[in-house]
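The values are calculated or read from the model by the stated rules, or taken from the named source; none is laboratory data. It should be emphasised that the depicted structure is a prediction, and the values quoted were computed from it without experimental measurement. Note that we place each Cβ from the backbone using ideal geometry, even for glycine, and neighbour counts take in every protein chain shown.
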Amino acid sequence: MKTTRHPEYADASGPLAGYRVLELGSTASGPFCCRLLADFGAEVIKVEAQEGDTIRGLGQTVDGKSLYAATICRNKKIISINLRTEAGRDLLRRMIPSFDVVVENFRPGTLEKWGLDFDALAALKPGLILTRVSGYGQTGPYSARPGYGVIGEAMSGLRQLIGDPDRPPSRVAMPLTDYITGLYAALGTTMSLLHRERTGQGQSVDVSLIESAFSFMEAHVPAFEKTGVVGMRAGPRLPHSAPNTLFPTKDGSHIHIAALADAVFRRLAEAMDQPELGTDSRFAQQAGRNRNEAELEALIGEWTSRYDMQTLKEKLEAADVPATNIYTVADIFDDPHFKAREMLVATPDDDLGQVTLAGVVPKLSATPGRIRWSGHRLGQDTKEVLQSLVNLTAEEIAALEKQGIVSCDPQGAQP
């Protein structure tokens, strides 16, 4: 196997230790891809515009610090270069030989306009992986259109399935498709690194928001082609898997019960003290439950409405039936399982002292990921990175800053 890692900047705790990644992305999809790579040991250096990533203006802030940036920029070094200038792009070219991967999510054609397309970058660093995230992909009639995750979600067909059937399509109140796309981008990047380890060959990775969301529609593709059925919104239900929906509780809440498998439904019937439902010809098999969904849900709802949430959870857990209340983030902070699984991680923060961030996923037994620090300030690492990678002096960096080519956080990197 041909190894291409760089031990001089390896962090032995992660499987991606020894790889250096340049992030040219903004907002969510590209930065989330790089956050995943950084969690597992890659050294990620994020290039931010001098006005700052849009993400810094989204979500909640404390003392002027973006809490969204604190998590999606974690484990990264943050530098600020004006890539709209030729001098800024020349500086980037000088950095490229130090990197294994470049991740970008500009509109297609932007890198080409700047003379930073794949061929140009690969000439500077043979074996380079260029991961490109965009709304519609690098080719095709829509490729030049601007795109956000929610637009890709709408065009993918996924949005048509979200919400209640008697209301317009709804949405998940977070950038779901950006995160789906970031996952695919991280997967494509790591697969490309594996290929490079074997062959020495780099490649370009083309990931689009619309295709990433559409990939979750896979069951609907053959169904429409062979039957003409168009999937529609079903509210809290998952179609063709009854019972699998919300049911009312005595204390005014709702519990989600998922008893779609025949054996699980029989256990639910026992928990309801109505074991005969498990052998009833209307409900004994999944196909029958789907045909008689409304009648079945009425029976289950009549039972759940007799008990408060805690009692129902205890009864269903004892019967080995999957069920839960709908958690808020406050519930997550109070839940011992999330803490036991290290999914709430107290993390050092240069400005806030400490901030709790969502933990690392997945859990690897031999080479686990970890959170080393929260998101840095804009330009916090500019001086350090330019000195170490491009061998610029403090005076040269100061001159570039005066010319508006780079920006440096006045406090600089923290020890």
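Before moving on, here are some points about what is shown:
- Some residue of the stretch 201-222 being farther than 28 Å from G140 by Cβ and out of contact with any strand residue (DSSP E or B) (no Cβ under 9 Å at 6 or more places or on another chain): no
- Only one of A346, A323 that is touching a strand residue (DSSP E or B) at 6+ places or on another chain (Cβ under 7 Å), among the small types (G, A, S) and under 20 Å from A271 (Cβ atoms): A323
- Answer residue from the stretch 143-166, given it is surrounded by fewer than 16 Cβ atoms within 10 Å (Cβ to Cβ) and without any contact (Cβ under 8 Å) to a residue 40 or more places away in the chain and is farthest from R233 (Cα to Cα) among those: A144
Conditions tested, residue by residue: (1) more than 21 Å from the chain's Cα centre (by Cα); (2) on the phi < 0 side of the Ramachandran plot.
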position: G200; (1), (2): yes, no
position: E218; (1), (2): no, yes
position: V229; (1), (2): yes, yes
position: R233; (1), (2): yes, yes
position: L238; (1), (2): yes, yes
position: A242; (1), (2): yes, yes
position: H254; (1), (2): yes, yes
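- Check on T328, within 22 Å of the chain's Cα centre (by Cα), surrounded by 14 or more Cβ atoms within 10 Å (Cβ to Cβ) and among the hydroxyl-bearing types (S, T, Y): no
- Residue count for the stretch 48-85, restricted to those that are in a strand (DSSP E or B), crowded, with 18+ Cβ neighbours inside 10 Å and aliphatic (A, V, I, L, M): 3
- Search result, residues across the stretch 173-194 that are over 12 Å from the mean Cα position of the chain (by Cα) and either touching a residue at least 60 places away in the same chain (Cβ under 8 Å) or exposed (fewer than 14 other Cβ atoms within 10 Å of the Cβ) (or both): A173, T189, T190, M191, S192, L193, L194
- Residue satisfying all of: in the stretch 386-407; hydrophobic (A, V, I, L, M, F, W, C) and in contact (Cβ under 8 Å) with a residue 60 or more places away in the chain; farthest from R74 (Cα to Cα) among these: L400
- Residue match in the stretch 317-327 (condition: under 30 Å from W373 (Cβ atoms) and either touching a Ser or Thr at 6+ places or on another chain (Cβ under 6 Å) or not acidic (D, E) (or both)): yes
- Wholly enclosed strands (runs of 3 or more DSSP E) of the stretch 147-264 bearing at least 2 residues outside the structural domain of Y19 (by TED's automatic domain parsing) and of a type in the set (A, V, I, L, M): 254-258
- Test: residue in the stretch 119-127 that is touching a Leu at 6+ places or on another chain (Cβ under 8 Å), of a type in the set (G, A, S) and within 27 Å of Y19 (Cα to Cα): yes
- Exactly one residue among A358, A340, A366 is of a type outside the set (S, T, N, Q), surrounded by fewer than 16 Cβ atoms within 10 Å (Cβ to Cβ) and within 20 Å of the chain's Cα centre (by Cα), and that residue is A358.
- The stretch 399-414, residues that are surrounded by fewer than 14 Cβ atoms within 10 Å (Cβ to Cβ) and either touching a helix residue (DSSP H, G or I) at 6+ places or on another chain (Cβ under 9 Å) or more than 18 Å from G64 (Cβ to Cβ) (or both): A399, K402, Q403, G404
- Test: residue in the stretch 55-62 that is touching a residue at least 60 places away in the same chain (Cβ under 8 Å), in contact with a helix residue (DSSP H, G or I) (Cβ under 7 Å, 6 or more places away or on another chain) and among the small types (G, A, S): no
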